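The values are calculated or read from the model by the stated rules, or taken from the named source; none is laboratory data. Predicted model, so just to flag it, every value in this text is computed and none were measured. All Cβ positions, even for glycine, are placed from backbone atoms using ideal geometry, and neighbour counts span all protein chains on display. Ligands, DNA and RNA are excluded from the accessible area calculation, which covers all protein heavy atoms including side chains. Shrake-Rupley method; radii C 1.70, N 1.55, O 1.52, S 1.80 Å.
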Amino acid sequence: MKKTSTRLADGRELVYYDARDDVVRDAVDRRPLDPISTTSEIRRDPLLGDSVAIASHRQGRTYHPPADECPLCPSRDGRRSEIPDEDYDVVVFENRFPSLAGDAGRCEVVCFTSDHDASFADLTEDRAALVLEAWTDRTAELAEVPGVRQVFCFENRGAEIGVTLGHPHGQIYAYPFTTPRTALMQRSAAAHRSATGRNLFDDVVGRERAEAERVVLETGEWVAFVPYAAHWPYEVHLYPKRRVPDLRALDDAARTEFPRVYLELLRRFDRIFDAPAGVPGGPEQEGRGESPTPYIAAWHQAPFGDPERDEFALHLELFTIRRTSGKLKFLAGSESGMSVFINDVPPEAAARRLREVATK
Ligand SMILES: [Zn+2]
């Protein structure tokens, strides 16, 4: 892997991650960009004790541009984009419209491929391995940035999730605080440790593997299951079998196996809502091509500088907001008002479906 760091015309950092060591990335961004002015601010809710990023500058951001104006395609044929070179493997750069900026953190964009029409599930295993290297490197780099407490690598896929750019990409948020969900998990883990002397994540994974009913796939190094109390219609948690606090601590065996496991999960997600051949009302019979399954893929990592960080278990949470063909799960009254999720798909049924659609 070769890493080349450069600056965009407005001073933002951009890093190429190339599979080949002999690639030269020396293209210069010559766009007449104004310096970025960002005004994000973290406000703490005194009742809930959580934090809200107020980012009013985001109102002007690029919204569903035509494919020939995609800012994530390489700069080609006289058209200049966010990526100065005419091709790339994987590239990471600071977001021009960040939700978090300055003392309030940092937001980066990760382009998984220069192919505008691909999706993560279309990537080769080698490319997925390069993305994992990029996520790991960003985690290591951002851990060294003063004030950064936690790094969150994630992908939103699909217009239904609110994705405004069709080009396959993910994001990385570096927060200046421990996020509320991570803090909750840490509190649960601490309580479990004092009550039982055991690690909570080990016990959760152990229970799922023992019960097996909700396990979606298991390999030598990884296990994926629908959790006992899944919040979303189709939700999978993927853990390395050897518990580590973050991506930096994954061993070579887990890294080597990850691309095959993750690509298989994503491809199964794309098949969940395919009607079996010959079923009346299936998408193909009504002649409406349904969009690919919308999903969120979220890496949970331990916060930095926390004495309890080794109690935390790195894992990836993958879920869709689609509950059945053509229908989305909305966060309505109970979920949005009271944080009580109502899930119409029993986790055992979701796991069965995710095993049925395995690659043959
Ligand atoms: Zn594009």
- [ ] Would you calculate a helix-derived [θ] at 222 nm for the chain, using -39,500 (n - 2.57) for each DSSP H run of n ≥ 4 and dividing by the full residue count, to the nearest 500?
- [x] -7000 deg cm²/dmol
- [ ] With a 4.7 Å Cβ cut-off, tell me which Cys residues in the chain come up empty for a partner.
- [x] Cys107, Cys111, Cys153
TODO: State the percentage of accessible surface on the chain attributable to carbon and sulfur atoms; use a 1.4 Å probe and exclude ligands, DNA and RNA.
DONE: 50
- [ ] Determine the relative contact order of the chain: mean sequence separation of Cα pairs under 8 Å and six or more apart, normalised by residue count, in whole percent.
- [x] 15
Open item on the list: Taking amide H atoms as placed 1.01 Å from N in the peptide plane, list the residues 5 or more away in sequence, or in a different chain, whose amide H sits under 5 Å from that of Trp222.
Closed with: Lys241
Open item on the list: Quick check: with the 1.4 Å probe, what order do Val23, Val91 take by accessible area, largest first?
Closed with: Val23, Val91
TODO: Could you give the DSSP H helices of the chain that reach 20 angstrom or more along their long axis (alpha carbon positions) and whose average Kyte-Doolittle hydropathy is no lower than -0.5?
DONE: 125-143
Open item on the list: Can you pull out the GluC sites (Glu not before Pro) in segment 161-231 whose DSSP state is coil and whose Cβ has at most 16 other Cβ atoms within 10 Å?
Closed with: Glu213
Open item on the list: Quick one: 3J(HN,Hα) in Hz for segment 6-12, Karplus 6.51/-1.76/1.60 with θ = phi - 60°, rounded, Gly and Pro as x.
Closed with: 9, 10, 7, 4, 9, x, 5
Task: Hz values of 3J(HN,Hα) by residue in segment 292-300 - Karplus curve (6.51, -1.76, 1.60), Gly and Pro given as x - done: x, 4, x, 8, 10, 10, 10, 8, 9
Open item on the list: I'd like the accessible area for Arg352: 1.4 Å probe, protein heavy atoms, all chains in place, Å² to the nearest 10.
Closed with: 130
Open item on the list: What three numbers, in Å, describe the spread of the alpha carbons of the chain along their principal axes, ordered from the longest?
Closed with: 58, 55, 44
Task: Cross-link partners of Lys2 among aspartates and glutamates (Cα-Cα below 12 Å; sequence separation of 8 or more within a chain) - done: Asp18, Asp21, Asp22, Asp89, Glu133, Asp137
Task: Rounded accessible area per residue of the chain, 1.4 Å, Å² - done: 48
